[in-house]
1. Give A:VAL129, A:VAL104 a once-over and let me know the one that is without any contact (Cβ under 8 Å) to a residue 60 or more places away in the chain, open to solvent by less than 30 Å² (accessible area, probe 1.4 Å) and within 23 Å of the chain's Cα centre (by Cα).
2. Of (1) open to solvent by 80 Å² or more (accessible area, probe 1.4 Å); (2) under 13 Å from A:GLY246 (Cβ atoms), A:PRO25 satisfies all except one. Which?
3. I'd like the residue in the stretch B:8-45 that is among the basic types (Lys, Arg) and not in a strand (DSSP E or B) and, out of all such residues, is nearest to the other protein chains (Cβ to nearest Cβ).
4. What number of residues in the stretch B:73-99 are within 14 Å of another protein chain (Cβ to nearest Cβ) and in contact (Cβ under 8 Å) with a residue 60 or more places away in the chain?
5. Given (1) open to solvent by 20 Å² or more (accessible area, probe 1.4 Å); (2) over 21 Å from the mean Cα position of the chain (by Cα); (3) closer than 30 Å to A:LYS130 by Cβ, where does A:HIS335 come up short, assuming only one miss?
6. So, B:GLU71, is that one under 18 Å from B:GLY26 (Cα atoms), out of contact with any Gly (no Cβ under 9 Å at 6 or more places or on another chain), open to solvent by 70 Å² or more (accessible area, probe 1.4 Å) and modelled with pLDDT of 95 or more or not?
7. In the stretch A:356-386, what count of residues is obtained for those that are open to solvent by 30 Å² or more (accessible area, probe 1.4 Å), of a type outside the set (D, E, K, R) and either out of contact with any Leu (no Cβ under 9 Å at 6 or more places or on another chain) or over 17 Å from A:LEU7 (Cα atoms) (or both)?
8. Could you tell me which numbered condition A:VAL241 fails, if it satisfies all but one of (1) surrounded by fewer than 21 Cβ atoms within 10 Å (Cβ to Cβ); (2) among the aliphatic types (A, V, I, L, M); (3) more than 27 Å from A:PHE149 (Cα to Cα)?
Amino acid sequence: MEKKIYLDNAATTRTRPEVLEAMLPYFSDKYGNPSSVYEFASQNRKALDEARLTIANSIGAESAEIYFTGSGTEADNWALIATAEAYSSKGNHIITSKIEHHAVLHTCEYLKKRGYEITYIDVDENGIVKLDQLEKAIRPTTILISIMFANNEIGTIQPIREIGEIAKRHKILFHTDAVQAYCQVDINVDELGIDMLSASAHKLHGPKAIGFLYIKKGIKIRSFIHGGAQERGRRAGTENVPYAVGFGKAVEIAMATMKERTRKETELRDYLIKRVLAEVPYTRLNGHRTRRLPNNANFSFQFIEGESLLIMLDMNNICASSGSACTSGSLDPSHVLLAIGLPHEIAHGSLRLTLSEENTYEEIDYTVEKIKEIVDKLRKMSPLYEDFLANTIR
Amino acid sequence: MYTKKVMDHFANPRNMGEIENPSGVGTVGNAKCGDIMRMYLNIDDNGVIQDVKFKTFGCGAAVATSSIATELIKGKTVQDALKVTNKAVVDALDGLPPVKVHCSLLAEEAIHAALWDYAEKKGIVIEGLEKPKSDIHEEEKEPTY
């Protein structure tokens, strides 16, 4: 296939043409600063307000509760660090999970070095956070629970409502990193008991380098960037109007198409999973079979290593990702795959394929055929497979 | 990320496979760290490596270093094969990304492990050859690069 097949939509997505079109005037003609008083700049204020309202409506929040940030990672950093500081008189204990994104895990490590105590909750073999362990971990000094809405590698969706109830019962703030789940599953922050939520535009066909943090009204966490009065004084700096407009447009489309889009993605995902599991021997699906993001499939192929697989898929114009050590820049494979209990050698042979509504059955058929060829080729090269066959025959 | 040479050896590995009843075979690395290399040697009575095959579980660089290592030692005497260092492997590939240099060490160790097995089977001592570590990641030496 000459055409590129893009199956890495959890990494980033193609910016929609409508989104780009909506953004462009704000780079050229409409360059005014939203803080200025004259009429010329007020259209920018209006555009910013509209984008904020669209986003607020998408999660059942109010405009005043949405704060634009430079990324989902920034939103995670803000939620954790500012909460830790604001509530330090109440306590110094934070609960999170072993499968969080590094934006949360590395921020927790940073806080740990500064005297905070962190508890990392285990997940079961499907990647679902152990709720009994979470509730038992709560201490009088616990100030925050931060659990991701859905995992970026294996797609497992967490029992957010139950976690929200636990947090509420113990009067502890609940933050969720919803970067992967936002606009992929229904989110109503009040119904789910969410106090803070991080999201990002480029996972839903919006521009890169813009995200938001939802902060429930009444939560007193400090300003993240000091300066002017932008973002209610909590995140100073002239607003990135074109990106905010693009974010708003992407959310508007994603919300309008959510039901039909995720239904289509789920069908395609299930077709992909069914074919791979049926046609490639010694393969497992990572993550929960049904409680997973509509667009996520994550496999482990025994006896082979993920980076080799990715390069060979790339030679066939297929873009994918892996949790192998070689792609993480360390000797250890993905912390998520280890947390669900995979042995190292199985974790090394993982492949993540994440779809968008733009993918077709034809692309999936081609990809499955290529996976079969490549896995077979790599297994013929693998001393682990040779040993396995020798032991089986005996 | 990889040089053309690395990509070529990865896509078209030379001497991949097994040798039945080899003069020597050695396996190094471990699955925990994500790379295992196995090297098979056929050595004639004059101590010349007549045939060499490899199998590797690992990343693109691991496959490419195994492949080029087989080319570097094929037709050489045991003594000359011993002189093939990880640096020679890296140079022959026109370089490796820094995080992948350890793969070239694995190739050097795989040659040594296969030669050690050959020496043990023959009941000879190969001058300058040390007993290979069972797991090179246990005390990974600093690459000579």
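1. Matching residue, one of A:VAL129, A:VAL104: A:VAL129.
2. A:PRO25 satisfies all of (1) open to solvent by 80 Å² or more (accessible area, probe 1.4 Å); (2) under 13 Å from A:GLY246 (Cβ atoms) except (1).
3. Applying the filter and picking the extreme gives B:LYS32.
4. Selection size over the stretch B:73-99: 2.
5. Unmet for A:HIS335, out of (1) open to solvent by 20 Å² or more (accessible area, probe 1.4 Å); (2) over 21 Å from the mean Cα position of the chain (by Cα); (3) closer than 30 Å to A:LYS130 by Cβ: (2).
6. Values: under 18 Å from B:GLY26 (Cα atoms): yes; out of contact with any Gly (no Cβ under 9 Å at 6 or more places or on another chain): yes; open to solvent by 70 Å² or more (accessible area, probe 1.4 Å): yes; modelled with pLDDT of 95 or more: yes.
Judged against the criteria, B:GLU71 is a match.
7. Summing the residues that are open to solvent by 30 Å² or more (accessible area, probe 1.4 Å), of a type outside the set (D, E, K, R) and either out of contact with any Leu (no Cβ under 9 Å at 6 or more places or on another chain) or over 17 Å from A:LEU7 (Cα atoms) (or both) in the stretch A:356-386 gives 3.
8. (1)
The values are calculated or read from the model by the stated rules, or taken from the named source; none is laboratory data. Everything numeric in this text was worked out from a predicted model, so none of it was measured. All Cβ positions, glycine included, derive from the backbone under ideal geometry; neighbour counts span all protein chains shown. Note: areas computed on protein heavy atoms with side chains; ligands, DNA, RNA excluded. Shrake-Rupley method; radii C 1.70, N 1.55, O 1.52, S 1.80 Å.
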